[in-house]
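Input: a single structure, listed below in structure tokens.
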Amino acid sequence: MKTQTLGGIVSLAVVLVSVSAAKAREAQFGDPIPGLSAEEVERFAAGREAFDEEEDVSEGLGPVFNGTSCSACHGAPSSGGGRVLEGGGTTVETRFGRIVGGVFDPQEASGGSLIQTDGIGQQGACTFAGETVPAGSHSAGRRTTALFGLGLVDAVPDATFLDLAAAQQSDPDGVRGRAHIVQSPNLQGGNAVGKFGWKSQVASLADFAGDAYLNEMGITSPFFPHENCPQGDCSLLACDPEPDPEDVLNEDVAAFADFMTMLAAPPRGQVTGQVRQGEAIFHEIRCSACHVASFTTGGGSLIAALRDVTFAPYSDFLIHNMGPLGDGITQGQAAGTDIRTAPLWGLRETARFLHDGRASSVNAAIGAHDGEARAARDRYLALSQGSKNKLLAFLNSL
């Protein structure tokens, strides 16, 4: 962690103003959650500074990586968003693997399953370059998602998701969401319900932060202490210029987790009569079977502003068999056909849709739904154009 600079002090002042303004209005994109203490606001500002900071080799970047800062992929409409700054597009990363004897092989010996597109170049006798998908492998895109409001999701008890999954087993449309039980490094190998990532493969924001520092920037930390072997060649790590763990005290990772934890939920857009009619249609055709409107956090958070808060993410955070819409990549208990229900809050600031960004419109994204979502999709397709317009107006107000 770097000593706070004048820029950091200015950043804190901006956040303090933002908090004061948020007391009189709904928090906007990039604001901290309302109700934080002065000490928590300071932690949020420090976290945003770490989030926006560009790392270099001397700070542990690499040897292979996807970006030099968190905001390189999460930069718009503000820090923490799901779009990049230049041109408003969405970053799409690459996962790969292959099926061997009916079982998914993430090809770790070839650097899998996540491609790191860049390397730190010549270091001693080694040259570090970006990775490529091995010939004959299956690959799939994963678009960057927004981080707004994830502290609220993190504060929902695991039992809530387990109960929701149990209730869905009798759903009339065949919706059968499953809680993805994953190992949490910050629980010292303990299991927890996964809520984050396209396969709900990450259990907590502390895990998310450490995972992102390692896999996106190549920066190791106490709970994620081992470098990725570039294209699977672990002998190259002898030339890695910085000893592991690079974030030795977990300071930057913890600051990133603080930023995400205290980042406000997306503000709601204008609610018109057409929007309200569209929301009724959303429930009538049972989009809400998976895109659950609201949750309430538990009372155990160390941050008082996150306790017993009801929020509206429009997701169940469960994994579902999406049939042909799946990405073919297995992670933990999530098979190649499984995808986590995407939260719909903040949808109006999303540039591309679906897990791989293939859809350029909400209409196209709905039309591509399959598997457990087929019945709701078919009801949408059967709507009159007027009803579709109302439903789309609702979605574009989120």
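The values are calculated or read from the model by the stated rules, or taken from the named source; none is laboratory data. If you're wondering where the values come from, they're calculated on a predicted model, not measured in any experiment. Quick reminder, even Gly has a Cβ in these numbers, built from the backbone with ideal geometry, and neighbours come from all protein chains shown.
Before moving on, here are some points about what is shown:
- Any hit, the stretch 85-106, residues being modelled with pLDDT under 95 and hydrophobic (A, V, I, L, M, F, W, C): yes
- Of residues in the stretch 297-345 being in a strand (DSSP E or B) and farther than 22 Å from residue 169 by Cα, the one nearest to the chain's Cα centre (by Cα): 331
- The lone exception for residue 383 - which of (1) out of contact with any Cys (no Cβ under 9 Å at 6 or more places or on another chain); (2) in a loop (DSSP other than H, G, I, E, B); (3) under 30 Å from residue 27 (Cα atoms) it fails: (3)
- Flag for residue 100 being surrounded by fewer than 17 Cβ atoms within 10 Å (Cβ to Cβ), more than 26 Å from residue 244 (Cβ to Cβ) and not basic (Lys, Arg): yes
- Options 289, 351, 359, 376: the member that is surrounded by fewer than 20 Cβ atoms within 10 Å (Cβ to Cβ) and at pLDDT 95 or above: 359
- The set of residues in the stretch 246-266 being closer than 15 Å to residue 208 by Cβ and among the aliphatic types (A, V, I, L, M) consists of 253, 254, 255, 257, 260, 262, 263.
- Selected residue (only one of 174, 151 is under 18 Å from the mean Cα position of the chain (by Cα), modelled with pLDDT of 95 or more and not β-branched (Val, Ile, Thr)): 151
- Just one of the listed residues (83, 48, 143) is buried (at least 18 other Cβ atoms within 10 Å of the Cβ) and over 17 Å from residue 208 (Cβ atoms), namely 83.
- Scanning the stretch 131-148 for residues that are more than 12 Å from the chain's Cα centre (by Cα) and within 21 Å of residue 71 (Cα to Cα) gives a single hit, 141.
- Residue match in the stretch 330-338 (condition: buried (at least 17 other Cβ atoms within 10 Å of the Cβ) and touching a helix residue (DSSP H, G or I) at 6+ places or on another chain (Cβ under 8 Å)): yes
- Residue check, residue 169 under 30 Å from residue 288 (Cβ atoms) and polar (S, T, N, Q): yes
- Residue in the stretch 36-54 that is farthest from residue 261 (Cα to Cα), counting only those that are part of a loop (DSSP other than H, G, I, E, B) and more than 21 Å from the chain's Cα centre (by Cα): 37
- Residue check, residue 235 part of a helix (DSSP H, G or I), hydroxyl-bearing (Ser, Thr, Tyr) and either over 22 Å from residue 348 (Cα atoms) or more than 22 Å from the chain's Cα centre (by Cα) (or both): yes
- Any chance residue 282 is in a helix (DSSP H, G or I) and aromatic (Phe, Trp, Tyr): yes
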